[in-house]
Amino acid sequence: MTDMDDKTSDETAALLSAYDEQMRGVSPNPPAGVGYEQDGPLTRTVGQFRGFISAPRDVQLRGAALDALIARQRDRFAARGEAVEWKIRGHDLPSDLTDRLRAAGFTAETEETVLIGRAKDMASPPVLPDGVVLRQVTERADMHRIAALESTIWGQDLSMIGDDLAGRVAAAPDDLVVLVAEVDGEVVSAAWLVFRTGTEFAGLWGGSTLSAWRGRGIYRALVAARAQIAAARGVSYLQVDASSDSAPILRRLGFHAVTTTTPYVWSPSQEMAGP
């Protein structure tokens with residue numbers, strides 16, 4: 001291994017350590033109607049369109065005790081009639097956690113790559129195609145335009161995104177910056193920047209683009225614009241859960257892949273289906 005390889009490996013390890021220490025918790029400013037519940041090492045988020053379970057890298061439980069913890073989460077959300085996501089990283093412990101989640105009825109969704117980059121290295125004036133304008137939005141109507149865009153791109157009803165974004169802006173306007181890329185008033189891409197109070201991180205989310213406008217640099221422009229905002233706020237690191245389409249772009253920009261993340265989801269419909 002070369003000195004450069006050693007340096008890269010050391011930097012990746014340091015980024016992963018910072019991620020584990022700072023990015024495993026929940027926002028201190030939940031939207032109205034959203035609350036948190038503690039269960040041992042876990043924090044449950046309830047009251048949103050899909051529940052969420054936050055966990056440390058190692059839940060420190062094994063065997064039957066771990067099975068009981070998993071069952072309590074499933075049963076709690078079953079009682080609420082809500083689906084729930086338990087986000088698993090590729091380096092989480094114990095190694096049989098995912099097997100036990102599947103045994104309890106959780107289903108794995110698409111794996112993504114966790115990438116981290118330094119905000120100051122990514123910050124630059126966004127370069128946009130002719131006719132494309134970036135605009136920061138805060139109004140509920142714009143959040144629902146974003147939800148309509150996401151529904152079109154992904155071919156499913158994602159209207160809940162509009163309510164989620166609007167609720168988060170209302171609860172903590174300084175924690176969320178939402179940008180849209182527009183052409184003649186039509187939203188063709190949207191992305192948001194989520195600040196994590198008390199950490200060195202901000203998260204990059206969204207970035208989906210209408211097919212007719214892909215490959216023209218809009219995604220890269222949205223990354224640059226959000227990096228500028230983050231760097232101006234003193235953020236050290238940007239974190240992305242990247243799809244297989246976005247990860248290569250981000251790595252070319254200088255982001256480091258530190259682990260993977262896979263949502264394990266349970267929903268009431270799975271229980272109704274039965275074995």
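Values in this text are rule-based calculations from the coordinates and carry no lab data. Keep in mind the model is a prediction, meaning the values are calculated, not measured. Note: ideal-geometry Cβ built from the backbone for every residue, glycine included; neighbour counts use all protein chains shown.
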### Message
Strictly greater than 19 Å: what percent of every Cα pair in segment 7-120 meets that?
### Response
51
### Message
Per q in 0.12, 0.13, 0.20, 0.28 Å⁻¹, report the Debye log10 I(q)/I(0) for segment 206-275, using one uniform scatterer on each alpha carbon and no solvent.
### Response
-0.49, -0.55, -0.92, -1.37
### Query
Which one of Ser243, Ser208, Gly162 has its Cα pushed farthest toward the positive end of the charge dipole of the chain, where Lys and Arg give +1 and Asp and Glu give -1 at the Cβ?
Gly162
### Summary
The long-range amide H neighbours of Ser208, using H built 1.01 Å from N in the peptide plane and a cut-off of under 5 Å, are Ala190
### Task
Rank-order 61-72, 246-257 by packing density, defined as the average count of other C-beta atoms within 10 Å over each peptide's residues, highest first.
246-257, 61-72
### Query
Which far-off residues, 5 or more places away or on another chain, put their amide H under 5 Å from the one on Asp58, with H placed in the peptide plane?
Leu93
### Message
Counting each pair of different Cα atoms once, what's the Kirkwood radius of segment 122-246 in Å, rounded to one decimal?
### Response
14.7
### Message
Check which residues have an amide H placed less than 5 Å from Ile88's amide H, if you skip close sequence neighbours.
### Response
Thr262, Tyr264
### Query
Among Gly185, Pro173, His256, whose Cα lies farthest out toward the positive end of the dipole of the chain, if unit charges sit on the beta carbon of Lys, Arg (+1) and Asp, Glu (-1)?
Pro173
## Note on the structure
Whole-Å distance linking the alpha carbon centroid of segment 143-166 with that of segment 179-195 is 12
### Summary
Mean Cβ-within-10 Å packing, highest first, puts peptides 108-116, 94-102 in the order 108-116, 94-102
#### Entry: Calculated from backbone phi, Karplus (6.51, -1.76, 1.60) coupling profile of segment 113-120 in Hz, x at Gly/Pro
9, 7, 10, 10, x, 7, 4, 5
## Note on the structure
Going residue by residue through segment 172-179, the Karplus relation 6.51 cos²θ - 1.76 cosθ + 1.60 with θ = phi - 60° gives ³J(HN,Hα) values, rounded to whole Hz and with x marking Gly or Pro, of 8, x, 7, 8, 9, 10, 10, 10
### Query
When the Debye formula is applied to the Cα atoms of segment 9-73, each taken as the same point scatterer, what base-10 log of I(q)/I(0) results at q = 0.17, 0.19 Å⁻¹?
-0.73, -0.84
## Note on the structure
Against the 2.2 N^0.38 Å rule of thumb, the C-alpha Rg of segment 44-195 sits at a ratio of 1.29
### Dipole moment magnitude, nearest 20 debye, the chain about Cα centre, only Lys, Arg, Asp, Glu C-beta charged
220
### Summary
For segment 241-247, in residue order, the Karplus 3J(HN,Hα) values (coefficients 6.51, -1.76, 1.60; θ = phi - 60°; whole Hz; Gly and Pro = x) are 8, 9, 6, 5, 6, 7, 4
## Note on the structure
Here the equivalent ellipsoid of the chain, derived from its Cα gyration tensor, has semi-axes (largest first, whole Å) of 31, 24, 17
### Kirkwood Rh, angstrom, segment 59-118 [1 / mean 1/r, Cα pairs]
12.9
